[in-house]
Amino acid sequence: MKNSVKMAVILLASTAIVAGCSKKQPEQLPPPAEGSVDQTPVDPNAGTGQIVPGSQEDFLANVGQFGDRIFFDTDRFNVDTEDQATLQRQAQWLARYPNTRIIVEGHADERGTRDYNLALGERRANSAKNYLVSIGVSADRIQTVSYGKERPQALGSDESAWAQNRRAVTVTVQ
């Protein structure tokens, strides 16, 4: 009995010590180091509910909810007629914002090896880029990246999920 009382006292004391050691959040962050540059973009319309011209939100508002992406058939990377219409809307928006750069992300579904899907994603991203360049967007404004099967849009192992994951997505860069 005596040992259990001692144990309880020790447990309470150690809990109180640990609780007393918790750090409080500072009221104010320290200033940045001298000579450093704050690279956090400042949105002048933050909190106003307005869309910033040239932003990703503006891009989506003008090219349509899913106008930032095109889809591909299994093991394909060709830009079809429907994809061309989507890319033409993207090019029109890019013409209004000549200083905005984009990244075209290539994606694949989960089937196949990692290496195969990375190569396929690269071909898909480059197909979208090449079409945009062919209709007047400067190649200097477009970067490509392949994520292969690493960033699925839809989870699942069925045709519906795979169809959503075989895509190229255009993202604006500020």
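The values are calculated or read from the model by the stated rules, or taken from the named source; none is laboratory data. Here the structure is a predicted model, which means the values were calculated and not measured. As a convention, Cβ positions derive from the backbone with ideal geometry for all residues, glycine included, and neighbour counts pool all protein chains shown.
Output the number of residues of region 47-81 satisfying the condition of being of a type in the set (A, V, I, L, M, F, W, C) and either modelled with pLDDT under 95 or on the phi > 0 side of the Ramachandran plot (or both).
Looking only at region 47-81, we keep the residues that are of a type in the set (A, V, I, L, M, F, W, C), and these are 51-52, 59-61, 63, 66, 70-72, 77, 79.
Then drop every residue that is not either modelled with pLDDT under 95 or on the phi > 0 side of the Ramachandran plot (or both), which leaves 51-52, 59-61, 63, 66.
Final tally of qualifying residues: 7.
Only residues that are closer than 19 Å to Thr172 by Cα and small (Gly, Ala, Ser): list them for region 109-133, please.
First pass over region 109-133, keeping only residues closer than 19 Å to Thr172 by Cα: 121-122, 124-133.
Gly121, Ala125, Ser127, Ala128, listed by residue number.
What number of residues in region 146-172 are touching a residue at least 24 places away in the same chain (Cβ under 8 Å) and loosely packed, with under 13 Cβ neighbours inside 10 Å?
Going through region 146-172 one residue at a time, the tally reaches 2.
Among the candidates Asp115, Asp73, Asp83, Asp109, single out the residue that is buried (at least 22 other Cβ atoms within 10 Å of the Cβ) and not hydrophobic (A, V, I, L, M, F, W, C). Reasoning before the result, please.
On the way: Asp115 fails: buried (at least 22 other Cβ atoms within 10 Å of the Cβ); Asp73 fails: buried (at least 22 other Cβ atoms within 10 Å of the Cβ); Asp83 fails: buried (at least 22 other Cβ atoms within 10 Å of the Cβ).
Residue meeting the stated conditions: Asp109.
Within region 49-80, work out how many residues are assigned to a loop (DSSP other than H, G, I, E, B), acidic (Asp, Glu) and closer than 19 Å to Ala91 by Cβ. Explain how you work it out, then say what you get.
In the first step, residues of region 49-80 are kept if they are assigned to a loop (DSSP other than H, G, I, E, B); the result is 49-55, 64-68, 72-80.
Pick out the ones that are also acidic (Asp, Glu) and you get 68, 73, 75, 80.
With closer than 19 Å to Ala91 by Cβ added as a condition, the list becomes 68, 80.
Matching residues across region 49-80 total 2.
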